[in-house]
Ligand code: JHZ
Ligand code: SAH
């Protein structure tokens with residue numbers, strides 16, 4: 001395969017096997033035409049870039065019925081309010097703002113409330129329409145050279161380009177940075193927060209790897225990539241969201257922004273863990289294989305004790321867990337979820353039924369496998385009744401744990 005940034009040949013170091021589209025929840029009638037690809041991961045030493053080898057085309061993943069809404073987590077909505085308040089330090093009253101991957105508008109709505117001139121690029125029509133209904137300027141297009149050519153009044157005038165969990169979804173990272181370069185004002189900043197390679201390695205949270213997550217970034221990678229575009233990484237701020245993310249702040253080389261000390265500190269720590277060189281890959285692979293066996297063993301054990309098991313939250317991440325660990329409806333009876341687009345359908349690849357979240361209380365189950373482990377705090381708080389009735393939670397990172 002070729003590195004998606006350098007174009008040079010690199011070799012995948014691990015395969016997770018045959019994988020369906022992570023958010024490809026489907027009806028029974030569509031089982032026999034389901035799309036699969038071989039999910040392999042590779043590391044480019046030259047730019048310290050962790051990436052998946054092959055993936056479905058973006059149009060297959062982001063379309064008129066994309067089933068993820070940011071607002072499905074109350075904590076994330078609150079997180080975006082805080083992210084907005086923090087980002088105001090880069091803004092003046094008349095600043096222009098662009099969000100990439102604005103989804104249902106949960107972030108953008110904060111800018112709009114304070115009358116900033118803001119737009120979002122969002123290729124998935126259902127979520128883009130949802131944002132438009134909230135009165136937001138949501139452009140139903142992929143963020144790329146063609147789509148930005150239509151917003152001439154933002155060229156060289158955008159003070160903030162922001163994103164969350166979207167930059168790692170864009171395969172052509174060169175085109176992306178070229179667009180950013182065209183749009184940013186002299187002192188403008190490009191801020192994005194994405195799942196962090198350091199956290200994925202530390203917890204062995206391999207479920208962050210799926211088709212949509214084409215890259216898992218680190219400071220070492222972003223620093224090198226930014227440099228190639230005459231830009232520099234001026235801040236890195238760790239986030240607890242989505243199981244461990246990193247907020248990166250990038251700007252032009254030739255302006256007056258200071259570089260925070262944390263950039264050096266965090267990158268040094270990445271070096272200590274061999275995240276820049278790729279030497280961590282072998283250990284990561286071994287850790288994934290061990291966790292896979294542990295999870296399979298635990299579930300078989302519970303099943304042998306006649307425990308009734310269900311999954312909590314049909315996350316994108318769960319597609320990697322279920323398919324890599326080969327867990328299907330013979331072990332997990334159903335998965336509960338709050339998203340209308342998923343309810344009544346089946347999980348990608350393994351075809352576990354997805355049922356309405358309201359249903360699970362009626363069923364008196366023993367064990368809930370927490371696929372939205374990143375929202376554990378929020379979920380444990382609202383589902384106290386399940387534990388009080390004797391139900392147990394099973395989480396699997398960094399180790400299998402029953403709560
Ligand atoms: P959650 C998605 O990942 C996809 P997912 C994407 N690639 C990404 O990077 C992140 O989001 C940002 C359900 N749920 O947030 C609703 C409940 O049922 O971990 C959703 O179906 N009950 C863009 O899918 C799913 O979980 C709850 O109480 O891994 C969302 O899961 C909560 C909080 C969620 O993201
Ligand atoms: N930022 C939100 C949504 C993340 S989901 C959050 O953190 O919750 C990722 C979003 O990026 C999806 O809504 C998807 O449609 C969008 N996306 C994917 N490729 C994109 C591209 N090239 N340009 C803009 N948005 C894109």
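Under a no-solvent Debye model with one identical scatterer per Cα of segment 20-89, what's log10 I(q)/I(0) at q = 0.13, 0.19, 0.28 Å⁻¹?
-0.69, -0.96, -1.16
What is the extension gain from residue 115 to residue 230, computed as 0.36 nm multiplied by their sequence separation minus the C-alpha to C-alpha distance, in nm to one decimal?
38.2 nm is the gain from fully extending residue 115 to residue 230.
Give the percent of DSSP beta bridges with both residues in segment 230-362 that are antiparallel, rounded to the nearest 5. It would help to have the intermediate numbers written out before the result.
Working: 9 of 14 bridges.
Among the beta bridges of segment 230-362, antiparallel pairing accounts for roughly 65 percent.
Which length gain, in nm to one decimal place, applies between residue 187 and residue 338 when the Cα-Cα distance is subtracted from 0.36 nm times their residue separation?
50.2 nm
Which of 179, 325, 3 comes first, and how do the rest follow, when ranked by fewest Cβ neighbours within 10 Å?
Ordered from fewest to most neighbouring Cβ atoms within 10 Å, 179, 325, 3 come out as 3, 325, 179.
If I take R0 = 25 Å and measure r between the Cβ atoms of residue 32 and residue 296 in this structure, what FRET efficiency does the formula 1/(1 + (r/R0)^6) give, to the nearest 0.05?
With a Förster radius of 25 Å, E is 0.40.
Measuring from centroid to centroid over Cα atoms, what is the spacing of segment 145-211 and segment 224-262 in Å?
Computed from Cα coordinates, the inter-centre distance equals 11 Å.
Please state the relative contact order of segment 28-155 as a whole percent: Cα pairs under 8 Å, 6+ residues apart?
19
Share of antiparallel DSSP beta bridges in the chain, in percent to the nearest 5?
Percentage antiparallel, nearest 5: 50.
Picking from 349, 24, 390, which is most flexible by a Gaussian network model of the chain using Cα springs under 10 Å?
Maximum among the listed residues: 390.
Report, for segment 138-279, the % of DSSP beta bridges that are antiparallel, rounded to 5. Don't skip to the end; give the middle numbers.
Working: 15 of 22 bridges.
For segment 138-279, the DSSP antiparallel bridge percentage is about 70.
For residue 65 and residue 366, compute 0.36 nm times the residue count separating them, minus their Cα-Cα distance, and round to one decimal in nm.
Once the chain is fully extended between residue 65 and residue 366, it gains 105.0 nm.
Please report Rg (one decimal) and Dmax (integer) in Å for the Cα set of segment 39-161.
Rg then Dmax for segment 39-161, in Å: 16.0, 46.
Between residue 155 and residue 172, what is the label-to-label distance in nm when each label sits 7 Å out along the Cα-to-Cβ direction?
Reported label-point gap for residue 155 and residue 172 is 1.7 nm.
With the cut-off at 1.5 for a/c, could you classify segment 120-240 from its C-alpha gyration tensor as rounded, prolate or oblate? Present the calculation step by step, with values, prior to reporting the outcome.
Numbers: a/c = 1.95, a/b = 1.24, b/c = 1.58.
Oblate.
For 341, 193, what ranking results if the residue with the fewest other Cβ atoms within 10 Å of its Cβ goes first?
Values: 341 17, 193 25.
Starting with the residue having the fewest Cβ neighbours, the order is 341, 193.
Relative contact order (percent) for segment 76-128, with alpha-carbon contacts under 8 angstrom and 6 or more residues of separation?
Worked out over segment 76-128, it gives 38 percent.
Relative to the longest principal axis of the C-alpha atoms of the chain, give the angle of the C-alpha long axis of helix 261-272, reported between 0 and 90° and rounded to the nearest 10°.
Tilt relative to the chain: about 50 degrees.
Give me D for the chain in µm² s⁻¹, whole number, from Stokes-Einstein with Rh from the Kirkwood sum over alpha-carbon pairs, 20 °C and 1.002 mPa s.
Once the numbers are plugged in, D ends up at 98 µm²/s.
As a test of the formula, what do you get for the chain when each DSSP H run with n ≥ 4 contributes -39,500 (n - 2.57) and the sum is divided by the residue count, at 222 nm and rounded to the nearest 500 deg cm²/dmol? Each step should come with its number before you reach the end.
Working: 13 runs with 122 residues, N = 403.
The helix-only estimate for the chain comes to -8500 deg cm²/dmol at 222 nm.
Exposure proxy check: 279, 394 ranked by fewest other beta carbons within 10 Å?
On the way: 279 12, 394 21.
Result, fewest neighbours first: 279, 394.
GNM on the chain, C-alpha springs below 10 Å: top fluctuator among 322, 388, 160?
388
Every read-out reported here was derived from the displayed coordinates using simple, explicitly stated rules and does not represent laboratory data. Just so it is clear, the structure is predicted and the values come from calculations on it, not from any experiment. Cβ coordinates were reconstructed from backbone atoms using ideal geometry, including for glycine residues, and neighbour counts include every protein chain displayed.
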